[in-house]
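Structure first, commentary second.
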Amino acid sequence: MDPASDLFLACTTFDAVQATLNLKFTPHPIPKAAKSMPRPTTSVLLEGNSSTVTKRLFVFTDGSGSAKPYMNRSKVPSNAVIHDLGYPYMKQPENLNASLQELTALYVSEIRRRQPTGPYNFRG
């Protein structure tokens with residue numbers, strides 16, 4: 001057998017190639033990339049006055065990341081505000097590195113930053 005031209009015709013498995021060439025291959029585990037911290041979720045005040053607020057409405061943006069569907073829908077009472085909860089991976093979805101539980105915790109953290117206790121009002 002001419003190893004240069006017939007090796008892979010005669011040896012159809014990796015083990016056969018190793019035996020034919022008298023190789024000893026010890027696989028090494030591929031190190032996992034360190035998981036980076038998920039991006040924080042932020043919110044934007046869409047409507048209302050934060051200095052007179054007694055009621056809050058938290059809205060989740062649509063798939064485009066736009067809060068426009070929620071703006072100017074109805075008159076917001078003077079004691080209410082609307083917060084848009086931004087999706088932290090909107091501009092770079094390929095960088096999503098958070099599980100559903102981690103992503104939920106990010107939203108809860110931002111909601112509690114704006115309003116420490118419930119009841120909470122959501123739309124989206």
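Residues considered: ALA16, ALA34. Of these, the only one that is at pLDDT below 75 and either assigned by TED's automatic domain parsing to the domain that holds LEU100 or farther than 30 Å from LYS75 by Cβ (or both) is ALA34. Say we look at segment 57-113 and pick out the residues that are surrounded by 16 or more Cβ atoms within 10 Å (Cβ to Cβ) and among the hydroxyl-bearing types (Ser, Thr, Tyr); which of these is modelled with the highest pLDDT? Among residues in segment 57-113 that are surrounded by 16 or more Cβ atoms within 10 Å (Cβ to Cβ) and among the hydroxyl-bearing types (Ser, Thr, Tyr), the one modelled with the highest pLDDT is TYR107. Hey, can you tell me all the residues within segment 73-124 that are touching a residue at least 60 places away in the same chain (Cβ under 8 Å) and part of a loop (DSSP other than H, G, I, E, B)? Those that are touching a residue at least 60 places away in the same chain (Cβ under 8 Å) and part of a loop (DSSP other than H, G, I, E, B): ASN97, ALA98, TYR120, ASN121, GLY124.
Considering SER50, SER43, the condition of being surrounded by 10 or more Cβ atoms within 10 Å (Cβ to Cβ), in contact with a Leu (Cβ under 9 Å, 6 or more places away or on another chain), at pLDDT 65 or above and under 30 Å from GLN92 (Cβ atoms) is satisfied by SER43 alone.
The values are calculated or read from the model by the stated rules, or taken from the named source; none is laboratory data. No experiment lies behind these values; they were computed from the predicted model shown. Cβ atoms come from the backbone with ideal geometry, glycine included; neighbour counts cover every protein chain shown.
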